[in-house]
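Reviewing the structure listed below.
The values are calculated or read from the model by the stated rules, or taken from the named source; none is laboratory data. Quick caveat: nothing in here was measured; it's all calculated off a predicted structure. Don't worry about glycine lacking a Cβ; one is built from the backbone with ideal geometry, like all the others, and counts go over all protein chains shown. Just the protein is used for accessible areas: all its heavy atoms, side chains included, with ligands, DNA and RNA removed. Shrake-Rupley method; radii C 1.70, N 1.55, O 1.52, S 1.80 Å.
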Amino acid sequence: MSGVDTEPPVRSRRLSLRVRLRRDRTLLLMTVPAVGLLLVFNYVPLFGLLTAFQDYNPLVGVWQSEWVGFAQFEALFSDSLFWGALGNTLYLSFVQLLLFFPIPIALALLLNSVLSERLRNTIQSIVYLPHFFSWVLAITIFQQMLGGAGLLNQFLRRNDIGTWDIMTDPDTFVLLVTSQAIWKEAGWSIIVFLAALAAINTDLYESSAVDGAGRWRRLWHITLPGMSGVIMLMLVLRLGNALTVGFEQFLIQRQAVGHEAADVLDTFAFYYGIATNNYSYGAAAGLFKSVISLLLIWGANKLAHAFGEDGLYRK
């Protein structure tokens with residue numbers, strides 16, 4: 001045996017809950033407002049899901065309203081307007097996943113390649129700005145550009161070319177709302193991807209450049225793999241919100257293009273539930289949407305684990 005003395009490993013002493021609460025009390029107090037908002041606006045309203053199984057009457061309240069079981073869901077699934085709104089929602093979500101999701105990634109890559117910090121900060125500020133506009137203002141800007149009396153049609157009239165009012169065309173409504181979402185939110189969505197790029201070790205780029213790797217090879221073998229975890233996480237979250245394509249944006253433009261093109265699940269629950277005082281019917285539509293969203297995010301997370309990524313949590 002060696003003459004060197006070996007000390008037994010020191011076992012870490014588990015702190016009691018009381019000690020940990022005292023140690024972290026400042027951080028816990030900082031989370032109280034956020035937890036309070038989450039409880040009030042996300043968890044307390046779950047109590048209202050009971051009305052999906054009732055013929056709810058606001059005059060008598062939840063406990064005195066008649067329980068009807070799954071009758072609201074039977075009516076919902078036999079309603080052709082519901083299936084039309086669901087079809088619009090899925091189609092819009094698919095188009096936005098294809099056209100919207102890659103754009104923040106591309107913008108982040110382009111911004112990251114800008115060498116001048118002042119120019120990069122200026123561009124970031126410009127592309128962030130539309131996120132802070134309300135949908136009313138954003139749609140008004142599009143109306144002034146693409147509407148019947150907008151700049152595009154004024155140009156077409158001056159050159160004796162037939163006009164095209166894109167803002168009232170149901171056939172192009174999907175592309176219109178997708179372009180509006182890209183203009184308004186793509187810049188804001190790059191924040192997460194810029195953070196992922198900042199976390200990549202710059203020594204990898206220097207080593208690959210010494211080995212003769214060009215820009216595209218560095219992008220393919222270093223940048224994209226370094227962002228893959230964040231990309232997969234954002235994809236999982238996007239799929240989980242696949243049935244949430246927007247409410248205010250469609251509510252404002254519904255009259256211009258008609259309900260056949262503009263109705264999605266959120267506007268369906270509003271117009272055929274709340275607006276008609278049929279609260280239980282609207283709650284049933286909302287509960288259906290929530291259950292399907294939960295299944296989608298669970299499936300997307302399983303898919304992320306199958307590809308070796310963390311997803312929402314580590315397996």
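Kindly evaluate Leu296 against the criterion of being part of a helix (DSSP H, G or I) and more than 14 Å from Phe82 (Cβ to Cβ).
yes
Restricting attention to segment 37-94, the residues that are over 15 Å from Ala269 (Cα atoms), under 27 Å from the mean Cα position of the chain (by Cα) and surrounded by 12 or more Cβ atoms within 10 Å (Cβ to Cβ) add up to 7. Among the residues making up segment 173-217, a single one is over 30 Å from Ile252 (Cα atoms), of a type in the set (Phe, Trp, Tyr) and touching a residue at least 40 places away in the same chain (Cβ under 8 Å): Phe193. Comparison of Ser228, Ser208 shows that the only residue that is open to solvent by less than 50 Å² (accessible area, probe 1.4 Å) and under 28 Å from Ile297 (Cα atoms) is Ser228.
Scanning segment 250-291 for residues that are over 12 Å from Ala85 (Cβ atoms), among the hydrophobic types (A, V, I, L, M, F, W, C) and open to solvent by 10 Å² or more (accessible area, probe 1.4 Å) yields a total of 9. Of Glu206, Glu185, all but one fail to be among the charged types (D, E, K, R) and under 15 Å from the mean Cα position of the chain (by Cα); the exception is Glu185.
Checked against the criterion of being of a type in the set (S, T, N, Q) and under 16 Å from Phe288 (Cβ atoms), segment 42-51 contains one or more residues that satisfy it. For segment 233-249, which positions are in a helix (DSSP H, G or I) and either closer than 29 Å to Thr140 by Cβ or open to solvent by 40 Å² or more (accessible area, probe 1.4 Å) (or both)? Hits for segment 233-249 are Leu233, Met234, Leu235, Leu237, Arg238, Leu239, Glu248, Gln249.
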